[in-house]
Amino acid sequence: MNLEVFSSSNQLARDAARRVVASAKSAIGTHGAFHFALAGGSTPKAVFRYLAESGIFTPDLVEKTHLYWGDERAVPNDHPDSNVRMARETMIDHLKFPAENVHLVNGGAPNLASEAWRVEKDIRLNVFSLGDLVPIFDMVMLGMGTDGHTASLFPDTEALKEESRLFVANDVPQLGTKRLTLTYKAINAARDILILVSGTAKADVLADIRSVPNRMINKYPIEGISKHAIWLADEDAATQAKAAS
Ligand code: 6PG
């Protein structure tokens with residue numbers, strides 16, 4: 001595991017933001033665009049705010065950036081729990097992303113399976129891929145839940161077994177809801193994968209993942225993420241993990 005530990009969540013957020021910008025510069029320099037799938041939840045908020053306010057995400061990069069969502073809840077985009085709303089409030093509303101480059105996911109769609117297909121088609125249409133192989137996101141940003149889930153790949157859910165689709169509606173019985181999520185196939189094809197882990201609530205799972213060599217993806221779905229992923233954790237989340245390594 002490529003784990004970097006930071007003294008605070010703020011330091012983690014700044015490093016993550018700098019990595020986003022570096023990935024954007026590389027992608028735009030290589031193929032003229034930056035296809036970036038955003039993490040949901042609360043950890044990315046400080047990263048998105050720093051990207052919006054620090055000035056490091058310059059207009060020349062923003063105008064060539066395409067935004068996607070790693071996952072979305074089954075709620076409308078204006079709902080307080082929406083990952084689209086979170087990204088809009090912390091970053092998108094503060095930078096000049098071309099509207100056509102913001103590839104929204106509609107968690108409030110009446111048929112989430114159909115919405116998942118629409119998003120999948122949009123990804124295949126826009127994200128660069130070699131021939132008809134899997135589209136290659138330039139960066140996928142992820143978080144980790146206290147149960148070891150990532151995106152909306154939750155333990156013991158069908159999406160963990162998905163091997164051909166890129167984006168699916170996933171029943172999550174433990175939450176009593178459906179979620180929309182990128183699959184391992186889409187995530188693991190990405191050039192850069194950034195996993196953000198912050199807070200003491202994540203320490204046990206991170207330590208467990210660090211200490212157990214095999215990949216128990218049904219228990220900890222994040223173990224199914226490619227080994228080339230870069231993990232960024234703050235001290236609160238990584239203290240036990242360091243002891244385990
Ligand atoms: C979501 C996320 C999810 C998140 C983890 C961690 O929609 O909730 O995509 O995978 O990354 O649950 O969430 P926190 O950052 O809030 O701890």
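Every read-out reported here was derived from the displayed coordinates using simple, explicitly stated rules and does not represent laboratory data. Please read all numbers here as calculations on a predicted model, not as lab measurements. Here Cβ is always computed from backbone atoms with ideal geometry, including for glycine, and neighbour counts include all displayed protein chains.
Summary of computed values
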quantity	calculated
DSSP beta bridges in the chain [antiparallel fraction, %, rounded to 5]	30
Total lysine pairs whose alpha carbons fall under 24 Å of each other in the range 88-200 (8 or more apart, or interchain)	5
Built amide H within the under 5 Å cut-off of Asn170, gap 5+	Arg179, Leu180, Thr181
Most to least packed among 58-68, 14-24, 122-132 [average Cβ atoms within 10 Å]	14-24, 58-68, 122-132
Three-way shape call for the chain based on the alpha-carbon gyration tensor, with the a/c threshold at 1.5	rounded
Net charge dipole size for the range 1-126 [Lys, Arg +1 and Asp, Glu -1 on Cβ; Debye, nearest 20]	240
Neighbourhood charge, 11 Å Cβ-Cβ cut-off, centred on Pro98 and excluding it, Lys, Arg +1 and Asp, Glu -1	0
Whether the range 115-197 is rounded, prolate or oblate, judged on the alpha carbon gyration tensor where a/c under 1.5 counts as rounded	oblate
Exposure proxy order (Cβ contacts within 10 Å, fewest to most) of Phe6, Phe57	Phe6, Phe57
Summed residue charge, Cβ within 14 Å of Arg14's Cβ, Lys/Arg positive, Asp/Glu negative	0
Three-way shape label, the range 62-131, alpha-carbon gyration tensor, a/c 1.5	oblate
Dipole magnitude (debye, nearest 20) for the chain, charges at Cβ of Lys, Arg, Asp, Glu	320
Listed residues Ser42, Ala229, Gln174: farthest to the positive end of the dipole of the chain (Cβ charges)	Ala229
Sequence of Leu38, Leu175 once ranked by neighbouring C-beta atoms within 10 Å, starting from the fewest	Leu175, Leu38
